[in-house]
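Written below as structure tokens is the structure these notes are about.
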Amino acid sequence: MTAVGRPPRVSVVIPTYRHQDLILATLDSVFAQTMTEYEVIVINDGSPDDTAAILEPLVHDGRIVYVEQTNKGQSRARNLGIARARGDYIALLDDDDLWPPDKLEWQTEYLDAHRDVGLIGGVLQTIDENGTEGWKGKYWPSIDFESLFLENPFLSPGQTLIRADLLKRIGGMDSTIWGADDWDLWFRIAKASRIVMLDRLGLYYRLHPGNASKQTERLLSACCVTIERHLPD
């Protein structure tokens, strides 16, 4: 992790809610990163379980910046973390997913070398509760504003790394679009900068009974709102 007093290259923002059994493994995947110039901001979104007590030792040791809010939803929790972020780049990670060890390293190196790119992403690999690999996410060799209407190329923000100044300039996540706030964000980023996906592993997406993506009807409604919002452009 970044030395005390030295600005981090990357701010890792993790909202958490009702995942006391998963959050520590998620954080371990961050602490195992080969790139170490980062800060970790965990936002407890009013979780009614023992999340606060579980994270207290990490707060005490200075390994994470811990913020609490009353339950306002994942988007507002992410925005609170984005506002606190000090890094050049921001990585959004869900509290039930895992990163491969080199995720931050290769994505930071790419953005350092390509100043015209605002977001770099990798492919997604699903795993079950035992860590067994399942289906793999699609690789998109070309992503622009028009292609985003075909489908969301990043099924989780955890696949990506985003320039902090860009993310803050366009206003972060839209908390009115539950479940499709990330897709809406890609549209807004595509209007302002380039989006690139490399055929490299960017995220282990954990499949379990509590996945928010299983709320199909609500998610479909949010996707329709997102498409209708950006069609005029």
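The values are calculated or read from the model by the stated rules, or taken from the named source; none is laboratory data. Being a predicted model, the structure only gives us computed values, none of them experimental. Using ideal geometry, Cβ is built from the backbone for each residue, glycine included, and neighbour counts are taken over all protein chains shown. Heavy atoms of the whole protein, side chains included, go into the accessibility calculation; ligands, DNA and RNA do not. Shrake-Rupley method; radii C 1.70, N 1.55, O 1.52, S 1.80 Å.
Between ARG84 and ASP128, the simple label model (points 7 Å from Cα in the Cβ direction) yields a spacing of 3.6 nm. When shorter helices are ignored and each DSSP H run of at least 4 residues is given -39500 (n - 2.57), the per-residue value for the chain at 222 nm works out to -9500 deg cm²/dmol. Annotation for the range 77-147 versus the range 168-190: alpha-carbon center distance of 15 Å. Between the beta carbons of LEU207 and ASP233, assuming R0 = 45 Å, the FRET efficiency works out to 0.85 to the nearest 0.05. Within the range 186-202, what residues put their amide N at less than 15 Å from the label point 7 Å along the Cα-to-Cβ vector of SER142? Answer for this model: 195-197.
Distance cut-off 20 Å, Cα to Cα: go down the list LYS103/LYS168; LYS103/LYS138; LYS72/LYS103 and report the pairs above it. Exceeds cut-off: LYS103/LYS168; LYS72/LYS103. Relative contact order of the range 136-233: 37 percent, from C-alpha pairs under 8 Å at least 6 residues apart in sequence.
Take the Cα of ASN71, go 7 Å toward its beta carbon, and the backbone nitrogen atoms of the range 181-210 under 17 Å from that spot belong to 210.
On the beta carbon distance between TRP135 and ALA192, with R0 = 22 Å, the FRET formula returns roughly 0.10. Is the range 87-149 best put as rounded, prolate or oblate by its Cα gyration tensor, with a ≥ b ≥ c the root eigenvalues, rounded for a/c under 1.5, and otherwise prolate when a/b is larger than b/c, oblate when not? Oblate is the answer for the range 87-149, as a/c is 1.5 or above yet b/c matches or exceeds a/b. Remark: the VAL117-ASP50 segment gains 20.2 nm on full extension, using 0.36 nm per residue and subtracting the alpha carbon distance. Accessible area per residue for the chain is 46 Å², calculated with a 1.4 Å probe on protein heavy atoms, without ligands, DNA or RNA. Spin-label pair SER175-PHE31: with each label point 7 Å from Cα along the Cα-Cβ axis, the two points sit 3.0 nm from one another.
Looking at the square roots a ≥ b ≥ c of the eigenvalues of the Cα gyration tensor of the range 116-233, which shape do they give, rounded for a/c under 1.5, prolate if a/b is larger than b/c, or oblate? Since a/c reaches 1.5 but b/c is at least a/b, the shape of the range 116-233 is classed as oblate. Within the range 79-179, the GluC sites (Glu not before Pro) that combine a DSSP coil assignment with at most 14 other C-beta atoms in a 10 angstrom radius are GLU129, GLU146, GLU151.
From largest accessible area down, sort TYR66, TYR38, TYR205; use a 1.4 Å probe on the protein chains.
TYR66, TYR205, TYR38
Mean-square fluctuations from a GNM of the chain, with a 10 angstrom spring cutoff on Cα atoms, peak among PHE187, PHE145, PHE154 at PHE145. The phi-based Karplus calculation (6.51 cos²θ - 1.76 cosθ + 1.60; θ = phi - 60°) puts the 3J(HN,Hα) values of the range 107-122 at 6, 5, 4, 5, 5, 4, 8, 10, 5, 8, 9, x, 9, 10, x, x Hz, whole numbers, x for Gly and Pro.
Among beta bridges from DSSP that stay inside the chain, the antiparallel ones total about 25%.
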